[in-house]
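Accompanying notes for the structure given below.
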2 protein chains.
Amino acid sequence: MAGRPREFDRDQALRQAMLAFWRRGYEGTSMSDLVAALGIASARIYAAFGSKEELFREAVALYAAGDGGFADLALSQEDDVVAAIQRMLADAVALYTRDDLPHGCMVVSAATNCSEQNDGVLEWLRAQRQARTQSVTERLRRGVADGQLGPDADVDALGDFYAAQLHGVSVQARDGVPRERLLASLAVAMTPLRIAAGKA
Amino acid sequence: MAGRPREFDRDQALRQAMLAFWRRGYEGTSMSDLVAALGIASARIYAAFGSKEELFREAVALYAAGDGGFADLALSQEDDVVAAIQRMLADAVALYTRDDLPHGCMVVSAATNCSEQNDGVLEWLRAQRQARTQSVTERLRRGVADGQLGPDADVDALGDFYAAQLHGVSVQARDGVPRERLLASLAVAMTPLRIAAGKA
DNA sequence: TCAATTGTTTGTCGATCGACAAATAATAGA
DNA sequence: TCTATTATTTGTCGATCGACAAACAATTGA
């Protein structure tokens, strides 16, 4: 273990790559874009990250481990299922409309339309969205087990519904719908769950 | 007005282009992809449509004038506002999950992530999504005027909510969520409006 | 001091991108 | 038939894509 020390901050470069991919997507961000964003030559990027695709996957992992991980946090940290879903949606709106970050969800918008040769990353992000849907559904199921939701609550339908709401809010935020409006529509989205919880 | 007659069916070629763009998006569909899909040389495509971008815009217009125009139809043809929104969502699910067509909404998924030079088409599709949101909101407002919704119904919040639901269902359909599940989540999505209509 | 190892610089690679020029072919009207 | 007009064929253009090779620089451990 020797060798010349790296002259740039790999974590900082990765974060810049994340922001670039978040803003313009995987194929929408070219290597020359990355060179400009990271401030280093392309050969250094390849030496540090392997390839554009590997860099992208690391960037998405960084997103998921940071701000993008709000959903699992909300679902696991709130004891009440209604509060959990409410917080998940509110955190989504807060993140997707932050002024200092690209709008919308990186997992939703970074690889929706891409060429055939990059179907791999497309499928990978798809799997992450599906996993999030399942997390929501399982949290709802726990809500039934905890007696917070009626035993006849259709947790699968509710899970798909709130997953769709998350994805839809991402699109809306990317389109520039302001935070206050998204929060207002969030209140609408909560009514089915409140009914299932007998709190309406 | 004379000249050699065109040897291919322009409408049919345009439809093939629409399907290609629908499936892979604007930048995800290369000129060579279009050459393969339309079955004609690239120079013929340029002669008939001007450029790739003009072809795309015509393709989206064809989509909006056809299957993609379901929303305005549902909103204008149904006298009851609840029935109108219900039908709009049901038609969306039906279209977005058709076996013989690309899944999801073309306007939502054809240009979410693209390079800087094509921000024009991105903005154009964004405007169409915003217009659809407004159509939904105005239909809800008419529902209040007609007395079908309570005078205190928050039509702006409901409009944003159902627009987000449309966008979210598009993402879900594209991810392979089956039709029956989307229809079940649609039933969940209808409860806020039914409450506003006093039918729950 | 000197290998071994790793990072950086510089330049460029083949493939593909969207787009079009020039030549040829087929029609309508004069 | 001849001219004007439009379509098709063929080939290729410059730009950009992602990716890397080779030479050089800086560090560690022997």
Could you tell me the center-to-center distance, by alpha carbons, between the stretch B:37-76 and the stretch A:28-76 in angstrom? 34
Calculated label separations, A:D152, copies of the chain, 7 Å along the beta-carbon direction, nm: 2.8
Selected from A:Q134, A:Q117, A:Q77 as most flexible by GNM, with chain A as the system and alpha-carbon contacts under 10 Å: A:Q117
Please report, in Å, the Rg and the Dmax of the protein assembly as shown, where both are computed over Cα atoms only. 22.5, 78
Taking springs between alpha-carbon atoms closer than 10 angstrom, which of B:V169, B:V177, B:V82 fluctuates most in the Gaussian network model of chain B? B:V177
Which of B:T137, B:Q77, B:V108 sits closest to the plus end of the dipole of the stretch B:43-194, meaning its Cα is farthest towards the positive end, when Lys and Arg get +1 and Asp and Glu get -1 on the C-beta? B:V108
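Among the trypsin sites (Lys or Arg not before Pro) within the stretch B:1-47, which fall in a DSSP loop and have no more than 15 other Cβ atoms within 10 Å of their own Cβ? Spell out each step's value before the answer.
Values: sites: B:R6, B:R10, B:R15, B:R23, B:R24, B:R44; in loops: B:R6.
Counting only loop positions with at most 15 other Cβ atoms within 10 Å, the trypsin sites (Lys or Arg not before Pro) in the stretch B:1-47 are B:R6.
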Using θ = phi - 60° and the Karplus form 6.51 cos²θ - 1.76 cosθ + 1.60, what ³J(HN,Hα) does each residue of the stretch B:86-99 get, whole Hz, x for Gly and Pro? 4, 5, 4, 5, 5, 5, 4, 4, 4, 5, 5, 10, 5, 5
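In a shell of Cβ-Cβ distance under 10 Å around B:V107, excluding B:V107 itself, what net charge do Lys and Arg (+1) and Asp and Glu (-1) give?
+3
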For chain A, just the Cα set please: Rg and Dmax, both in angstrom. 19.2, 65
Cut-off under 30 Å on the C-alpha distance; same-chain residues fewer than 8 positions from B:K52 excluded. Which lysines are left, in chain and number order? A:K52
Chain B: relative contact order in percent, alpha carbon pairs under 8 Å with at least 6 residues between: 21
Looking down the axis that turns A into B, which residue of A has the closest beta carbon, and how many Å out? A:G168, 2
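Which whole-number percent gives the relative contact order of the stretch A:1-69, counting Cα pairs below 8 Å spaced six or more residues apart?
On the way: 41 pairs, mean separation 24.5, N = 69.
That works out to 36 percent.
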Excluding residues fewer than 8 positions from A:K199 in its own chain, the lysines with Cα under 19 Å of it are B:K199
In whole Hz, with x marking every Gly and Pro, tabulate ³J(HN,Hα) for the stretch A:160-177 from phi via Karplus 6.51 cos²θ - 1.76 cosθ + 1.60, θ = phi - 60°. 4, 5, 6, 5, 4, 5, 4, 5, x, 5, 4, 5, 4, 4, 5, 7, x, 5
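Pop the C-beta distance of A:A65 and B:A2 into the FRET formula with R0 = 60 Å and round what comes out to the nearest 0.05.
Working: r = 67 Å, r/R0 = 1.11.
In this case the efficiency is close to 0.35.
Classify the stretch A:10-63 as rounded, prolate or oblate, taking a ≥ b ≥ c as the square roots of the eigenvalues of its Cα gyration tensor: rounded when a/c is under 1.5, otherwise prolate if a/b is larger than b/c and oblate if not. Spell out each step's value before the answer.
On the way: a/c = 1.38, a/b = 1.17, b/c = 1.18.
Since a/c stays below 1.5, the shape of the stretch A:10-63 is classed as rounded.
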What are the nm distances, shortest first, from B:E138 to its equivalents in the other copies, labels at 7 Å along Cα→Cβ? 4.6
Shortest first and in nm to one decimal, what separations exist between A:A36 and its copies in the other chains, measuring from label points 7 Å along the Cα-to-beta-carbon line? 3.1
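Any idea what the dipole of chain A comes to, in debye rounded to 20, about its Cα centre with Lys/Arg Cβ at +1 and Asp/Glu Cβ at -1? Please report the intermediate quantities before stating the final value.
Working: 22 positive and 27 negative charges, 75 e Å.
That gives chain A a dipole magnitude of about 360 debye.
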Report the label-to-label distance for A:E54 and A:E180 in nanometres (one decimal), using points 7 Å from each Cα along the Cα→Cβ vector. 4.9
With 5 Å bins from 0: P(r) over the stretch A:119-200, alpha-carbon pairs, percent: 3, 14, 20, 20, 18, 14, 8, 3, 1
If R₀ is 45 angstrom, what is the calculated FRET efficiency for the pair A:A145 and B:A36, using the beta carbon separation as r and rounding to 0.05? 0.30
Once phi is turned into ³J(HN,Hα) by the Karplus curve 6.51 cos²θ - 1.76 cosθ + 1.60 with θ = phi - 60°, what whole-Hz value does each residue of the stretch A:117-126 show in order, with x for glycine and proline? 5, 10, 4, x, 5, 4, 5, 5, 5, 4
Given unit charges at Cβ for Lys, Arg (+) and Asp, Glu (-), the dipole magnitude of the protein assembly as shown about its Cα centre in debye, nearest 20, is 400
Full extension between A:D91 and A:A187 adds, at 0.36 nm per residue less the Cα distance, a length in nm of 33.2 nm
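Each value in this text was obtained by applying a stated rule to the coordinates, not by laboratory testing. Just so you know, these numbers come straight off a predicted model, no measurement behind them. Note that we place each Cβ from the backbone using ideal geometry, even for glycine, and neighbour counts take in every protein chain shown.
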